[in-house]
């Protein structure tokens, strides 16, 4: 988007009576009647821009113009400008910028002139702007980075309590999807392996009556697992998971009555959860929701509804925080994880995502990372990919989703939140076991790289584990969900991920991982 110029321009010669200098960007004119006026510019005065992405300053005039041989400088150094490739009414001034630097662009009288009458010059122009200071990973030292160290590498009890029948009060017909019976040994062995955190996703609606009361036996079963994790010395993240079937965000965003009804149920449900665990210490973290979206994973009506779904999720997240805080006790200051739309890092970086107000200032950002899903989740699909990273063979990787994509997303999360003392955690990440050895070499590389990048940018992370072994879509097994023993062949990979997510060895860098790519 071009910004309307708001600078004062200096007379470009001729009789003072023809001087149109001023905030309007007037230029000189001649007997031909031609006048050159600056209409807009791509960088505003005093702006702070990104050095890497800001490579040109475009000046847009009221008439066709051309660049003469000299007279345009960047911090006093000559710059070779040229006419814009799209229109001769614009001039592009190339920029080579560094982080954290102040710049002045100067266009002298006569440097840009009319193509109709070369005696008519564009007004003299001076623009001062700055570039953003470079954010150095690990430079922040605050509560957010301390939380990253505390949570470390974690594990999801996936496809257990999050199992859903999709119906209120109706238990899943075939039991828990992972077909497991967790015991205290599960959590003890996770701790021995090096895990610091367990994320327990829970679907509550299947165990609620018409008044939204949660069955006591179900609450007790969930509590027993939380206590086993506590006794093992693990942190726990407890959430509302596959309740999306009644958390109809698309309808609620467009129907105030539906939204009010859903909010009433959210409040009643979270009141019960918060009260049931109010006695637990700060090892326990609540997470408002899992991956709320309209079923299209960020590519649906959310892109055309004018922000209604985003605003609805912001409203629901605030309600959860208010409800938990109102129960008092340990919940008054308990950490609460808050996801953006679909738990997507991209949506968490957008201005449409608003963190709840919280007097306790104990809010964390929850994101999930499975990029690219064609490699990590669905390699067996027709568009599936079998390799990942800079050494992957042409046609076998997802374009635009290699190492640079990981560091780009993580660095932006670090800059927006962690440097501002707001913790970010990756509640889910992972990659299915592939069906051939070469693809699994890339899988192992991907998982190590993501873990080391998360450590580099001070974000703890939890691997998704659904207790399914073998290879192909939906095969995310690492630990036996009943006793915590390693699944066959997984110990080395698990230990590599833990090392990557927690090691303080300065020589163990992202570059060193990158250089080991298959």
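Quickly run through region 281-305 and pick out the residues that are surrounded by 13 or more Cβ atoms within 10 Å (Cβ to Cβ) and within 30 Å of residue 231 (Cβ to Cβ).
283, 284, 285, 286, 287, 288, 289, 290, 291
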Give the residue that is farthest from residue 404 (Cα to Cα), with candidates limited to residues of region 330-358 that are out of contact with any helix residue (DSSP H, G or I) (no Cβ under 9 Å at 6 or more places or on another chain) and either free of Cβ contacts under 8 Å to residues at least 60 places away in the same chain or part of a loop (DSSP other than H, G, I, E, B) (or both). 330
Could you check region 225-265 and list, in sequence order, the residues that are closer than 13 Å to residue 284 by Cα and surrounded by fewer than 19 Cβ atoms within 10 Å (Cβ to Cβ)? 227, 230, 231, 233
For region 493-509, which residues satisfy the criterion of being in contact with a strand residue (DSSP E or B) (Cβ under 9 Å, 6 or more places away or on another chain) and either more than 17 Å from residue 462 (Cβ to Cβ) or touching a residue at least 60 places away in the same chain (Cβ under 8 Å) (or both)? 494, 497, 498, 501, 502
Can we say residue 190 is buried (at least 21 other Cβ atoms within 10 Å of the Cβ), in the same structural domain as residue 498 (by TED's automatic domain parsing) and within 26 Å of the chain's Cα centre (by Cα)? no
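Within region 17-28, does at least one residue satisfy the condition of being assigned to a strand (DSSP E or B) and either under 13 Å from residue 111 (Cβ atoms) or modelled with pLDDT under 90 (or both)?
no
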Output the residues belonging to region 98-117 that are in contact with a strand residue (DSSP E or B) (Cβ under 8 Å, 6 or more places away or on another chain), closer than 15 Å to residue 62 by Cα and not in a strand (DSSP E or B). 115
Filter region 223-266 down to residues that are part of a loop (DSSP other than H, G, I, E, B) and farther than 17 Å from residue 310 by Cβ, then give me how many there are. 9
Quickly run through region 359-379 and pick out the residues that are in a helix (DSSP H, G or I) and out of contact with any helix residue (DSSP H, G or I) (no Cβ under 9 Å at 6 or more places or on another chain). 373, 374
Selection from region 107-126 of residues that are under 15 Å from residue 42 (Cα atoms) and surrounded by fewer than 21 Cβ atoms within 10 Å (Cβ to Cβ): 126
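Within region 161-184, identify whether any single residue is in a helix (DSSP H, G or I) and either modelled with pLDDT of 95 or more or touching a strand residue (DSSP E or B) at 6+ places or on another chain (Cβ under 9 Å) (or both), and answer yes or no.
yes
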Mind checking whether some residue in region 404-413 is over 12 Å from the mean Cα position of the chain (by Cα) and touching a residue at least 12 places away in the same chain (Cβ under 8 Å)? no
Filter pass, residue 197 being surrounded by 17 or more Cβ atoms within 10 Å (Cβ to Cβ) and either over 24 Å from residue 310 (Cα atoms) or not assigned by TED's automatic domain parsing to the domain that holds residue 300 (or both): yes
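The values are calculated or read from the model by the stated rules, or taken from the named source; none is laboratory data. The structure presented is a predicted model; accordingly, all values stated were derived computationally and were not measured. Cβ: placed from backbone, ideal geometry, glycine included. Neighbour counts: every protein chain shown.
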